[in-house]
Amino acid sequence: MNVDFDAGYEMTIHGRAVTADAHFEAFNPATEEVIAQVPDASRAQLNEAVASARKAFPAWSAQPLAERQRAVARIGDVIEENAEAFMRLLTREQGKARKGAEWEIGGSVIWCREIATQELPLHVVEATETRSVETRRVPLGVVGAITPWNFPLLLAIWKIAPALVAGNTMVLKPSPYTPLCTLKLGELLRDVLPAGVLNVVSGGNDLGAWLTQHPDVSKISFTGSTATGRKIMESASGNLKRITLELGGNDPAIVLPDVDVQQTAQTLFWAAFQNSAQFCVAAKRLYIHEDIYDELSAALADYAATVKVGDGSQQGTDLGPIQNKMQYEKVKDLLADSAAAGHHFLTGGVPEAGQGYFVPVTIVDNPPEDSRVVVEEAFGPVLPLLKFRDIDDVIDRANRTEYGLAASVWSRDTALARSIAERIEAGTVWINEIHSFSPHVAFGGHKQSGLGIENSLEGLAEYSNAQTIVTNNA
């Protein structure tokens with residue numbers, strides 16, 4: 001299918017291109033230029049999309065699993081066939097540099113292919129000549145998926161692939177800040193999936209509210225802020241929708257004094273600043289043992305000086321801008337507060353006025369534990385370094401947050417690191433590595449970082465209900 005990635009951004013409802021009476025603008029965050037006019041779906045169009053998904057559900061759920069798996073694997077093929085166009089568009093609308101775009105598009109392909117190998121097993125509880133008890137997994141119906149602006153295509157695939165393999169149909173709403181790649185995916189898949197199986201609609205907060213409240217939607221899968229997650233949980237209660245919420249984080253990294261400082265510094269830098277730290281599982285609080293604090297903080301600052309922040313479309317750029325003006329202003333305000341409090345910046349600081357939503361890589365030298373720059377999730381390239389001496393104390397400080405998404409521990413003594421990891425209140429704790437994800441590894445948050453699981457068979461099961469069938473042959 002020949003698709004123009006530079007124009008013609010339309011929604012997909014019941015396998016057809018659909019525009020809208022109203023539109024909103026999409027911007028390039030590196031230049032602040034308008035790059036597209038995007039359909040702003042009406043409530044009637046949202047209802048049409050849900051009705052289409054509901055109509056398609058019986059036939060799609062009745063398809064043999066192998067056919068649904070084959071279709072999801074084909075989605076990966078389509079993304080791979082259009083990878084270069086997707087990467088260019090992703091950089092234009094999201095801002096990330098080439099390496100980040102390659103990571104996201106390549107990951108989307110892998111996720112489709114690997115989720116397409118998964119199958120929820122039949123659990124046989126009892127099987128005798130006179131009686132059988134079996135529990136199987138059955139699809140839910142229409143899934144409403146709402147995706148964020150930091151990894152717009154990959155996190156859409158995290159929802160599309162398991163939902164469709166499990167036998168559901170979907171209405172997908174991308175972030176209004178980054179709708180373009182998702183709209184183009186919907187266009188490409190009109191010839192791949194039966195009409196109504198995947199509907200893609202674009203719009204703002206009203207559209208999200210209509211989707212989460214809709215009585216014919218059986219589940220909401222949302223990735224985004226904790227504040228919005230709370231609202232979704234409330235609005236989804238009307239018909240007891242199933243929900244999966246992957247929300248914010250303020251992830252601690254704990255560095256023990258036995259690490260190789262120079263080698264670890266580079267790894268920790270990217271643990272914190274990958275995707276300009278617009279990453280729910282970025283290392284956002286870096287606790288460094290006092291014995292190596294000065295050496296490691298200096299190594300981080302030295303490495304930061306070698307990293308180029310700029311337009312992601314320019315060769316040599318390592319980190320792009322903040323994706324949107326709202327988030328840019330939040331990060332600026334956080335940095336201004338830190339500067340006013342007299343914190344010492346090892347690198348960076350409050351950004352100067354200029355074109356694009358650029359924030360310099362900023363490393364804050366041992367600010368107070370109760371300062372905003374430590375307590376709040378920056379979701380931008382801001383990293384506080386925090387000194388510690390006692391392991392019990394640092395575990396307490398690491399856990400002193402409403403969030404519990406992920407964490408990491410760094411030490412040559414893996415037994416000690418494991419004992420620390422087991423005491424961290426987070427859904428994922430990495431030891432001597434970070435940001436290793438897999439379609440076959442469960443991912444989810446504790447505390448205010450979310451509900452439910454994505455990826456793995458546990459994540460696939462989130463898109464199903466358990467049904468127990470008891471047969472008496474006596």
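Can you tell me the order of 116-125, 163-172, 67-76 when each peptide is scored by its average per-residue count of other Cβ atoms within 10 angstrom, highest first?
Taking the mean over residues of other Cβ atoms within 10 Å, the ranking is 163-172, 67-76, 116-125.
Here are several values of Rg and Dmax of the Cα atoms in Å: (1) 23.3, 76; (2) 23.0, 80; (3) 22.2, 67. Which one was derived from the coordinates shown?
Of the labelled values, this structure produces (2).
Here are some pairs, Lys55/Lys173; Lys99/Lys159; Lys184/Lys284; Lys184/Lys325; Lys96/Lys184; Lys159/Lys184; which of them have Cα atoms lying more than 21 Å apart in this structure?
Listed pairs above 21 Å: Lys99/Lys159; Lys184/Lys284; Lys184/Lys325.
For the pair Asp337/Val125, report the inter-label distance in nm, with labels modelled 7 Å from Cα in the Cβ direction.
5.0
Which residues does the label zone of Ala305 cover in region 331-356, counting backbone N under 15 Å from a point 7 Å along Cα→Cβ?
346-348
Relative to the longest principal axis of the chain, what angle (0 to 90°, nearest 10) does the C-alpha long axis of helix 293-304 take?
The two axes meet at around 70 degrees.
For the peptides 217-226, 183-192, what is the packing order when you average, over each peptide's residues, the other Cβ atoms within 10 Å and list the highest mean first?
217-226, 183-192
Which order do peptides 275-285, 258-268 fall in by mean Cβ count within 10 Å, highest first?
Ranking, from highest mean packing down: 275-285, 258-268.
Can you bin region 401-442 into rounded, prolate or oblate? Criterion: square roots of the alpha carbon gyration tensor eigenvalues sorted a ≥ b ≥ c, rounded for a/c under 1.5, prolate for a/b above b/c, oblate for the rest.
oblate
Using the basic label-point model (7 angstrom from Cα toward the beta carbon), what is the Met233 to Thr414 distance in nanometres?
With each label placed 7 Å out from Cα toward Cβ, I get 3.6 nm.
Simple spin-label model, 7 Å along Cα-to-Cβ: Thr117 to Asp365 in nm?
Calculated label separation equals 5.0 nm.
Using R₀ = 30 Å, calculate the FRET efficiency as 1/(1 + (r/R₀)^6) where r is the Cβ-Cβ separation of Asp291 and Val441; round to 0.05.
0.35
At a Förster distance of 25 Å, what's the computed FRET efficiency of Ile391 paired with Glu458, Cβ-Cβ distance as r, to 0.05?
FRET efficiency, Ile391 to Glu458: 0.20.
Can you list the chymotrypsin sites (Phe, Trp or Tyr not before Pro) in region 33-110 that are in a DSSP coil and have 16 or fewer other beta carbons within 10 angstrom?
Here no loop site has a sparse enough neighbourhood.
From a point 7 Å beyond the Cα of His23 in the direction of its Cβ, which residues of region 158-199 have a backbone N at a distance under 20 Å?
174-188
Excluding Pro215 itself, calculate the net charge of residues whose Cβ lies under 11 Å from the Cβ of Pro215, where each Lys or Arg counts +1 and each Asp or Glu counts -1.
Summing Lys and Arg as +1 and Asp and Glu as -1 gives +1.
Read-outs throughout are calculated quantities, based only on the coordinates presented, and are distinct from any laboratory measurement. Keep in mind it's a predicted model, so treat the numbers as computed, not measured. So basically every Cβ, Gly included, is an ideal-geometry build from the backbone, and we count neighbours across all protein chains shown.
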